[in-house]
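First up is the structure itself, then whatever we jot down about it.
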Amino acid sequence: MVEKILKLFKSELKVVNIGLEFFYKSLKDQNVKAVHVVWQPPPKIEKDLQDILGKIL
Amino acid sequence: MVIVKNFVKKNFYRDSVQLLHLSEEAKKIEGVVDAAIVMGTDLNKELLEKQGLLTDEGRAATDNDMIIALKVEDSTNIDEILEKVEKLLTAPGETTAETYYYSLESALEALKDANIAVVSIPGQYARDVVLKLLERDIHVHLFSDHVPLEHEIELKKIAYEKGLLVMGPEAGTAIINGVALGFANVVNRGPIGVVAAAGTGLQEFTVLVSQAGSGITQGIGVGGRDVKSPVGGLMTLLSIKAFEADPETKVIAIVSKPPSPDVQDKIINYIVENTKKKYVTCFIGGKTFEIPEKLKGRLVQTKTLHAAALEAVKLVDEKLYEEAKKKLFLPKEEIIKIAEAEIAKHSEKQKYIRGLFTGGTLTFETQVIFKELIGDVYSNTPLNPEYQLPDVHKSIKHTVIDLGEEEFTAGRAHPMIDPTIRLLRLVDEAKDPEVAVILLDFVIGYGSHPDPATAHLDAIKKAKKIAEEDGRHLTILAHITGTEKDPQNAKKQEEILRSAGVIVLPTNALMALTAALIAEKKIDEAKIGKFYNEFLVGKY
């Protein structure tokens with residue numbers, strides 16, 4: 001059951017960074033292959049609008 | 001005339017580290033005396049107030065709004081300055097655009113063979129992202145905090161079934177294949193595998209092992225809740241299984257604050273029944289347990305990170321251990337000498353310790369050691385609930401503060417990155433005539449401030465001056481969790497601190513011991529001997 005972990009231990013790391021951009025920069029500083037996902041919180045919907053949407057959907 | 005202006009951008013989000021960087025850039029704009037760009041949380045508003053940077057406009061901002069607080073030489077060119085700040089907010093990063101993606105799907109499309117993900121988004125949103133990653137057989141380092149417990153249980157059960165790692169939530173550190181993920185140090189590779197439910201515990205352990213001349217295969221952070229009953233140690237157990245099967249790993253260390261008793265039993269029983277390798281346990285502040293007959297000689301129980309690192313090295317190579325003991329970890333005669341010299345400089349009135357920590361595990365370990373040597377101490381995270389500080393911003397008697405806790409970090413970067421909160425607190429503590437010793441941890445490595453020692457210099461000098469002008473000597477002790485190979489270079493950091501009159505100790509445990517001796521104002525050699533035997537070496 002630990003094959004996938006042992007495979008990771010033997011592989012070159014290829015990292016998806018989601019969130020704090022500076023962790024991505026840290027990976028780049030270490031010459032690690034990485035991509036960065038720019039994450040934004042979902043837009044805030046006012047509660048009354050949410051209630052209306054809840055009724056419609 | 002210098003004036004302060006606040007501008008509020010409604011519903012405008014940038015992460016705390018980006019904002020810290022933007023604040024630094026804004027300070028460089030001509031005409032700007034001081035600047036802070038922060039999200040409008042209560043904590044940030046309180047700090048702006050302390051820094052003299054808050055106006056009524058800023059006061060009205062909410063958690064979802066961004067405050068641009070500027071102190072400028074005069075108001076004539078304020079529009080021009082604001083325009084420059086706005087430009088900073090929209091400027092693209094220095095990195096090339098082709099590695100930036102706006103959806104997980106497109107990022108995974110670009111890096112098809114991704115094998116691990118680092119997730120650091122607000123905790124309430126983490127579940128959906130991690131589920132998608134696990135579906136694609138990608139291991140996860142989940143840095144986020146505030147992930148609901150039920151989400152953690154769900155994610156870890158799925159991961160366990162699939163044989164995938166979910167490191168976290170609230171895992172600050174991991175070192176996989178020598179790569180630092182989150183906050184982590186550049187340490188030697190070697191035969192010791194470590195699984196830790198304690199972020200700075202993992203950092204201190206790996207750093208000390210490396211300084212002792214050995215190294216680690218992998219450092220797996222699993223998050224503090226992994227060893228509590230609801231999660232049941234799922235990732236700790238999976239990591240042990242992986243290390244047991246990994247041909248590179250010869251010695252396995254398990255580091256955490258006290259696990260729930262049922263989880264501790266489960267871990268120990270698993271080791272008894274299913275393993276053959278050598279083990280070091282370091283359940284800081286936990287109860288000592290009877291080592292099962294079958295594990296005698298191949299499991300060492302330790303009480304501090306200092307002892308855990310030394311014992312792990314000993315299991316690898318006895319000779320290396322003997323050298324490390326002499327070279328790295330000060331003998332008690334040295335500690336006594338340091339303490340006596342400081343005691344002689346203090347007045348009768350100076351008797352209290354104030355620990356200002358950035359590392360949670362280091363705060364905890366310090367309290368565990370103090371409990372043994374000087375009793376319970378006040379804290380925002382006390383061992384004994386009766387010692388909870390009523391106001392976390394005001395110390396009482398002996399106080400040890402974890403500045404990485406929520407009340408100091410809501411909407412701002414962690415104090416390992418942004419030292420502002422600690423600098424203000426350090427100067428405050430120096431004003432108290434009853435304070436004898438201040439403790440500072442410097443956790444360096446990837447993720448942390450690029451030069452924390454220099455960033456603390458002015459505040460250290462100011463604190464010492466305040467005490468001097470009042471006819472007192474203020475002792476400042478520090479410990480650096482870091483190596484010479486870290487980007488900040490531990491040795492350079494140490495030199496900078498020493499140049500400001502700071503006493504730097506080689507381990508967190510020794511810093512706590514030294515502080516306790518100074519505060520007690522007397523040297524009890526028997527007690528120190530007992531401490532060395534129980535806390536700095538392991539039990540077989």
* Residues of the stretch B:475-493 satisfying the condition of being of a type in the set (S, T, N, Q), under 19 Å from B:Phe329 (Cα atoms) and in contact (Cβ under 8 Å) with a residue 60 or more places away in the chain -> B:Thr481, B:Thr483
* Asked: Restricting attention to the stretch B:240-256, does a residue exist that is open to solvent by 10 Å² or more (accessible area, probe 1.4 Å), touching a Leu at 6+ places or on another chain (Cβ under 7 Å) and under 24 Å from B:Ile153 (Cβ atoms)?
  -> no
* Of the criteria (1) outside any helix (DSSP H, G or I); (2) open to solvent by less than 40 Å² (accessible area, probe 1.4 Å); (3) outside the structural domain of B:Gln211 (by TED's automatic domain parsing), which one B:Val300 fails -> (3)
* Within the stretch B:334-345, tally of residues that are over 17 Å from B:Ala509 (Cβ atoms) and open to solvent by 20 Å² or more (accessible area, probe 1.4 Å) -> 6
* Spot the failing condition for B:Gly219; the list is (1) in contact with a Gly (Cβ under 7 Å, 6 or more places away or on another chain); (2) within 14 Å of chain A (Cβ to nearest Cβ); (3) not acidic (Asp, Glu), and only one is missed. => (1)
* Asked: Within the stretch A:7-16, is even one residue over 19 Å from B:Gln124 (Cβ atoms), facing chain B (nearest Cβ under 7 Å), in a helix (DSSP H, G or I) and not β-branched (Val, Ile, Thr)?
  -> yes
* Check the stretch B:62-78 and report whether any residue there is farther than 27 Å from A:Trp39 by Cα, buried (at least 20 other Cβ atoms within 10 Å of the Cβ) and away from every other protein chain (no Cβ under 14 Å). => yes
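Do we find that B:Glu334 is farther than 26 Å from B:Gly52 by Cα and outside any helix (DSSP H, G or I) in this structure?
Numbers: farther than 26 Å from B:Gly52 by Cα: yes; outside any helix (DSSP H, G or I): no.
For B:Glu334, the condition - farther than 26 Å from B:Gly52 by Cα and outside any helix (DSSP H, G or I) - is not met.
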* Asked: Has the stretch B:354-368 got any residue that is in a loop (DSSP other than H, G, I, E, B), open to solvent by 20 Å² or more (accessible area, probe 1.4 Å) and not hydroxyl-bearing (Ser, Thr, Tyr)?
  -> no
* Extreme residue, nearest to B:Leu426 (Cα to Cα), among residues of the stretch B:369-393 that are free of Cβ contacts under 8 Å to residues at least 24 places away in the same chain and among the hydrophobic types (A, V, I, L, M, F, W, C) -> B:Val392
* Asked: Looking at the stretch B:384-496, what helices (runs of 4 or more DSSP H) fall wholly within it and have at least 2 residues that are open to solvent by 10 Å² or more (accessible area, probe 1.4 Å) and in contact with a helix residue (DSSP H, G or I) (Cβ under 6 Å, 6 or more places away or on another chain)?
  -> B:420-430, B:452-469
* Structure fact -> Those residues of the stretch A:23-33 that are within 7 Å of chain B (Cβ to nearest Cβ) and under 13 Å from the mean Cα position of the chain (by Cα) come to a total of 1
* Given the conditions (1) over 18 Å from B:Cys282 (Cα atoms); (2) of a type in the set (Phe, Trp, Tyr); (3) in contact with a Leu (Cβ under 7 Å, 6 or more places away or on another chain), which single one is not true for B:Phe205? -> (1)
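The values are calculated or read from the model by the stated rules, or taken from the named source; none is laboratory data. Source: prediction; values computed, not measured. Methodologically, a virtual Cβ is constructed for each residue, glycine included, from the backbone with ideal geometry; neighbour enumeration extends over all protein chains shown. Accessible surface areas use protein heavy atoms only, side chains included; no ligands, DNA or RNA. Shrake-Rupley method; radii C 1.70, N 1.55, O 1.52, S 1.80 Å.
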